[in-house]
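First up is the structure itself, then whatever we jot down about it.
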Amino acid sequence: MDIKLDDRIESVDGFRGWVRYVGEVAGRREQKWYGIEWDEEERGKHDGVYDGYRYFQCRREGSFGSFVKPKMISGRQTLGEAVMEKYSPKKESLADSLVVSKPVELDLLTLCSVSGMKVAAIRPGDESIIPSVTDLDLSNNLLSSWGDLATKLAAFEQLSSLTLSKNFLLIEQRPPVATILPSLKTLIISSASLESEDADALMQSCPRLESCVLHGNRISDVTKLAKSVPKSLRVLDLSDNEIDSWETVSTLKATNLENLNFSGNRLRSISTHLCEEGDWQSLSTLSLSRNPLETWESVEALAFLPSLVSLRISGTGIGSSINDDFLRQGVIGRLEKLTILNGSDITVDDRLEAEKAYLGEVLRSEKSRSNPGLSSDGRIGRLRKKYSMFSAESLPSSEVKAVSKIADQLIQVNMRLIDGPTVTKRLPGSTDLKRLRLVCQKIFRIKKIESLAYLVGDLGDPASTRTYLTDASATLSSLSVAPEGVLVIEAEPAT
């Protein structure tokens, strides 16, 4: 494939970047050089200025640029070529006998993955190779333009689910047409350096979207995105981005979202004045884990979400000075409609103990007398009536015993190689990604793991959301997993 300006390339030694210059370089014999802005600064040597002359401009400050010869760039291919390479019959020599793999009927193929196969473009006619495809995984490739890509994908009439994670796309701020991908229902673009304006443009391009995963990007503001959210959108994952204000989050309050994931952002507080009657009518599942929330007021503000029944809020600053049980009891006591907390069902005994402890602290606290919102709101009034037979002194304290059994701290993890058999293990919640890689290597008896991902959904469900794990500080207990609490880790072996 020809390489032109602003294309994505991969070097023969595995580094990726953008083509910023094509042509000669003064003082060098070869007539053709590629000026590359690398994704990783340590691969670069300059900022586009060589021997006192500027050949190209890097979009980021720093020494991201260098020149490479054409032979130093590895092969790129079209979607059609990748599909034929992966799914067409292959002949292999095994113990002096010829083995022919069973051919795939491409015209009947509905689930297609060409992840990591250096796909750089979709050509007219590629849609006729896999006309029945509904779920297309193009992650970890060399695609470079959302506008061009979406226009080509519009020819895939059955396409309902698209994965583009680990593609650094140039996303035009206005789609070429009002509805580029009208049939698309699920869009996953994780770890792709998307910014706030990019998310807005994506929403405009997918008017019937039901589920959108934008995990691990650079989104800091969802104000514009909120104006473009289609009425059909039910699930939005914005975990591990750079959102630091609940005020921008609250712009989503008039949407029909049912499941919202803001884990791993920078939220420090949630204000009650931004939660009004009639807002967030459909939101039933919310994840706020690994945000630096500081006070219980942020938890109390969540009581204004009328349909909230499932919450994830581990790994914050709230209650961190004692233990997880203290946080669990404090949250349950404050949120009467909650039925699932951090993936675990809330039992009748859990609620009774938590509510009595919370009421006891309120009644015993002198601070409550100077805080009308805490002492006389509807929640406290209902608790007073419910536990009227108890005095402040007889109600239990919210101080709880530390977990005594190691087994109680273990998390069940289903692990598998991508599309391989599943192995179930129970691991400590403190297990980090480095340790998890070692565990996977040992279980599957392989030397190196290329990447780890977790699924949100059932193992057998093709529509499950796959999110790649990139945060080195993440632990099992801090990962945002499926609302039902099933953690599915997928390992991709190095090739």
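Things worth noting here:
- Cα-based shape type of segment 198-287, given that a ≥ b ≥ c are square roots of the gyration tensor eigenvalues and the cut on a/c is 1.5: oblate
- Put the Cα centre of segment 115-139 next to the Cα centre of segment 263-316 and the gap is 39 Å.
- Under the Karplus curve 6.51 cos²θ - 1.76 cosθ + 1.60, θ = phi - 60°, whole-Hz ³J(HN,Hα) for segment 72-84, x wherever Gly or Pro sits: 8, 9, 6, x, 10, 9, 8, 4, x, 5, 5, 4, 5
- Sequence of ASP324, ASP221, ASP39 from largest to smallest accessible area, 1.4 Å probe: ASP324, ASP221, ASP39
- Rounded to the nearest 10 square angstrom, ARG351 shows an accessible area of 40 square angstrom against a 1.4 Å probe.
- Two-decimal log10 I(q)/I(0) for segment 163-249, as the Debye equation yields it once each C-alpha is a single scatterer, q = 0.18, 0.23, 0.26 Å⁻¹: -0.71, -1.21, -1.54
- Solvent-accessible area of SER250 with every protein chain in place, 1.4 Å probe, in Å² to the nearest 10: 10 Å²
- Summing charges over all other residues whose Cβ lies under 11 Å from the Cβ of SER314, with Lys and Arg as +1 and Asp and Glu as -1, gives +2.
- Solvent-accessible surface (1.4 angstrom probe) belonging to VAL299, in square angstrom, nearest 10: 0 Å²
- Which listed pairs, of LYS4/LYS69; LYS118/LYS425; LYS118/LYS166; LYS152/LYS253; LYS118/LYS434; LYS45/LYS448, have C-alpha distances above 22 Å, in listed order: LYS118/LYS425; LYS152/LYS253; LYS118/LYS434; LYS45/LYS448
- With the simple model of a label 7 Å out from the Cα in the direction of the Cβ, LYS442 to GLU41 spans 3.7 nm.
- For segment 213-253, trypsin sites (Lys or Arg not before Pro) meeting the loop criterion (DSSP other than H, G, I, E, B) and having at most 10 other Cβ atoms within 10 Å: LYS231.
- When PHE390, PHE304, PHE156, PHE326 are compared by accessible area at a 1.4 angstrom probe, the order from most to least is PHE304, PHE390, PHE326, PHE156.
- Of the residues ARG384, ARG29, ARG208, ARG76, the one with the largest accessible area comes first in the ranking ARG29, ARG208, ARG384, ARG76, computed with a 1.4 Å probe on protein heavy atoms.
- q = 0.10, 0.13, 0.21 Å⁻¹, segment 20-171: log10 I(q)/I(0) [Debye, one scatterer per Cα]: -0.51, -0.75, -1.24
- Pairwise Cα inverse-distance average, inverted: Kirkwood Rh of segment 279-360 (Å): 12.7 Å
- A cut-off under 13 angstrom between Cβ atoms defines the neighbours of VAL423, and their net charge, with Lys, Arg +1 and Asp, Glu -1, is +4.
- Förster radius 35 Å - calculated FRET efficiency between ARG54 and GLU450 (Cβ-Cβ, nearest 0.05): 0.40
- Using all pairs of distinct alpha-carbon atoms, the Kirkwood hydrodynamic radius of segment 186-235 works out to 10.7 angstrom.
- With θ taken as phi - 60° and the Karplus curve 6.51 cos²θ - 1.76 cosθ + 1.60 applied, the whole-hertz 3J(HN,Hα) list for segment 296-303 is 5, 4, 5, 5, 4, 5, 5, 5 Hz, x standing for glycine and proline.
- Using alpha carbons only, the radius of gyration of segment 207-257 set against its Kirkwood radius gives Rg/Rh = 0.93.
- Cα gyration tensor category, rounded, prolate or oblate, for segment 6-67 with a/c compared to 1.5: oblate
The values are calculated or read from the model by the stated rules, or taken from the named source; none is laboratory data. Model, not experiment: these values are computed from the prediction. Neighbour counts are summed over all protein chains in view; Cβ atoms, including those assigned to glycine, are modelled from backbone coordinates with ideal geometry. Side chains are part of the model used for accessible areas, which takes the heavy atoms of the whole protein and leaves out ligands, DNA and RNA. Shrake-Rupley method; radii C 1.70, N 1.55, O 1.52, S 1.80 Å.
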